[in-house]
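One structure is given here, and the rest of the page talks about it.
The values are calculated or read from the model by the stated rules, or taken from the named source; none is laboratory data. In this text the structure is predicted, and so the values were computed from the model without any measurement. FYI the Cβ positions are ideal-geometry reconstructions off the backbone, even for glycines, and counts take in every protein chain you see. When the accessible area is computed, the model is the full protein with side chains, heavy atoms only, and any ligands, DNA or RNA have been set aside. Shrake-Rupley method; radii C 1.70, N 1.55, O 1.52, S 1.80 Å.
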Amino acid sequence: MRLALAHLGRQESLPRLLKILVPLVHQAREEGALALLLPELVLGRQGEEDLPQALEALAEESRIRVVAGYLAQGPRNRLGLFPQGPVYDKVHPFLALREEGDEGIEPGEGPVMWEFQGRRFGLALCYDLDFPELFRSYALMGAEVFLVGSAWPGEYQELLTVLARARAAENQAYLLLANRADTGSPSLAVAPDGRLLASRWEEGLLVVDLDLGFLEEYRARYPILRHRRIEAYRLW
């Protein structure tokens, strides 16, 4: 399965976003990608009522799934699937002293799965990476791939790589993370065994092939989820 990530900076308007995004969508499709993942809050903290409709039309016209982070009514920090897919609202708003974050954002209610091409995808946004419970929930629900939109600060770029690799390895799932290029952190693709498959620092497209045969063989050989002993450490 071939998927693509867009390492894209925050755009100031919908027309500007579409001017940059349309060529990337068509490039991803021409290179055989079935879906294109965009970063968190591609238009920043500004709401844009026409954004979902524009992405719906673009996805339908280009015959590729588009996964994009944006500010929705609520307000909610949202990752939406186009066309006609589910939406995930960020479960863990980032609220930290002296740092810009998700002030005023309503948290999402829980995990959201996306089923596509016979596979299961778990959806997440940025700060969610710090909470392994969310990703383990997805794994127990059968997720094989995590799709993460992000705007991760550059000063914590090493932590981003550590957490992304950990979330993938501990759940034996692919993790694809599209980060905003204006933050100073890269976009990443991580294998189920924690290997960093690829990263991108410059604006543009990162195309990734997921070896689902490897995923199935690796899980069978090293069945982490079956080896859990929840009776030994349940805390709730």
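Where in the range 126-156 is the amide nitrogen less than 18 Å from a point lying 7 Å along the Cα-to-Cβ axis of residue 95? Only 126-131 fall inside the zone, counting backbone N under 18 Å. Computed over protein heavy atoms with a 1.4 Å probe, the accessible surface of the range 1-112 works out to 46 Å² per residue. Here the label points at residue 158 and residue 214, each 7 Å from Cα along the C-beta direction, are separated by 2.7 nm in the simple model. Once both labels are positioned 7 Å from their Cα atoms along Cα-to-Cβ, the gap between residue 84 and residue 195 label points is 3.8 nm. Distance between the 7 Å Cα→Cβ label points at residue 228 and residue 106: 3.0 nm.
Listed values for the range 202-207 are Karplus-derived 3J(HN,Hα) couplings in whole Hz (6.51 cos²θ - 1.76 cosθ + 1.60, θ = phi - 60°), namely 8, 4, x, 9, 10, 9, and x replaces Gly and Pro.
Three principal axis extents describe the C-alpha atoms of the chain; from largest down they are 53, 43, 32 Å. What the pair-distance distribution of the range 177-236 shows, using all Cα-Cα distances binned every 5 Å from zero, is 4, 15, 17, 15, 12, 12, 12, 9, 3, 0 percent. Per the Cα gyration tensor, the range 92-200 maps to an equivalent ellipsoid with semi-axes of 22, 17, 11 Å, ordered largest to smallest. Tally up the carbon and sulfur contribution to the accessible surface of the chain as a whole percent, 1.4 Å probe, everything protein left in place. In the chain, the share of accessible area belonging to carbon and sulfur is 50 percent.
Axis angle, to the nearest 10 degrees, between helix 14-30 and the longest C-alpha principal axis of the chain: 50 degrees.
Please report, largest first and rounded to whole Å, the three semi-axes of the ellipsoid equivalent to the range 1-62, where each semi-axis is the square root of five times an eigenvalue of the C-alpha gyration tensor.
In descending order, the three semi-axes are 20, 13, 10 Å.
Packing-based ranking of 206-215, 135-144, 225-234 yields 135-144, 206-215, 225-234, ordered from highest to lowest mean Cβ neighbour count within 10 Å. Across the alpha-carbon atoms of the range 19-124, the computed radius of gyration and Dmax are 14.4, 44 angstrom.
For the chain, the Cβ-based charge dipole about the Cα centre amounts to some 700 debye (Lys, Arg positive; Asp, Glu negative; other atoms uncharged).
I want to make sure I understand the PRE zone here: with the label point 7 angstrom from the Cα of residue 27 toward its beta carbon, which residues in the range 1-19 have backbone N atoms less than 14 Å away? Only 4-9, 19 pass the distance filter. In terms of the mean number of neighbouring beta-carbon atoms within 10 Å, the peptides 12-24, 64-76 order highest first as 64-76, 12-24.
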